[in-house]
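Written out below as structure tokens is the structure these notes cover.
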Amino acid sequence: MAMVGKIGRVGLKAVAAAVAFLALFSPALAVQPDERLADPALESRARALSTDLRCLVCQNQSIDDSDAPLAKDLRLLVRERLQAGDSDTQVMSFIVDRYGEFVLLRPSFGWHTLLLWLAPVFVLAGGIALAYRTLHRTQERSAATSSSDERPLTAEEKKELDRLMRQG
């Protein structure tokens, strides 16, 4: 009977640990119940738009995931604009006009964002060029070292080699 009690407590602790672990890695949706719209279609549109907008405080989260007060203000603004009858495009344009393109988690491709989009390509190409150059120089050095080791024997070395050969 005491054994069952120990197993029960261990099992309960394991379940509690698993729940805590899963809670750490589940998406934390910060939308509060008082922010939600009564119309499910509008709420769905608001949630979709919110996942594409960056929290200006956290900068690595959408406003849908952030608990920051500014993210809440942006979520409310999105819902306000949707209730006013704006289309999704109009809502996004309004937010971008007000806060700049930085507010978008996926900025558009254009001349003003060209460097942002092409920087990873340039960094990768630079890394490949650096690796090729380093490998090429290493091969040149090893070739130069091995060719210098193959110099002809001096007269003294030849005499010594002949002497050793006769002894062996």
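The values are calculated or read from the model by the stated rules, or taken from the named source; none is laboratory data. For clarity, every value in this text was computed on a predicted model and none was experimentally measured. Counting neighbours? That spans all protein chains shown, and the Cβs are built from the backbone with ideal geometry, glycine included. SASA here: full protein model, heavy atoms, side chains in, ligands and nucleic acids out. Shrake-Rupley method; radii C 1.70, N 1.55, O 1.52, S 1.80 Å.
Hey, does region 105-116 have a residue that's under 24 Å from residue 44 (Cβ atoms), surrounded by 11 or more Cβ atoms within 10 Å (Cβ to Cβ) and touching a residue at least 24 places away in the same chain (Cβ under 8 Å)?
Within region 105-116 (the criterion being under 24 Å from residue 44 (Cβ atoms), surrounded by 11 or more Cβ atoms within 10 Å (Cβ to Cβ) and touching a residue at least 24 places away in the same chain (Cβ under 8 Å)), the answer is yes, since at least one residue qualifies.
Against the definition (at pLDDT below 85 and either charged (D, E, K, R) or open to solvent by 70 Å² or more (accessible area, probe 1.4 Å) (or both)), how does residue 35 come out, yes or no?
Here the answer is yes, as residue 35 does meet what is asked.
Does region 71-91 include one or more residues that are touching a His at 6+ places or on another chain (Cβ under 9 Å), open to solvent by less than 60 Å² (accessible area, probe 1.4 Å) and part of a helix (DSSP H, G or I)?
No - not one qualifying residue is present in region 71-91.
Can you find a residue that is assigned to a helix (DSSP H, G or I), within 28 Å of the chain's Cα centre (by Cα) and surrounded by fewer than 18 Cβ atoms within 10 Å (Cβ to Cβ) anywhere in region 62-70?
Looking for residues that are assigned to a helix (DSSP H, G or I), within 28 Å of the chain's Cα centre (by Cα) and surrounded by fewer than 18 Cβ atoms within 10 Å (Cβ to Cβ), one finds at least one in region 62-70, hence yes.
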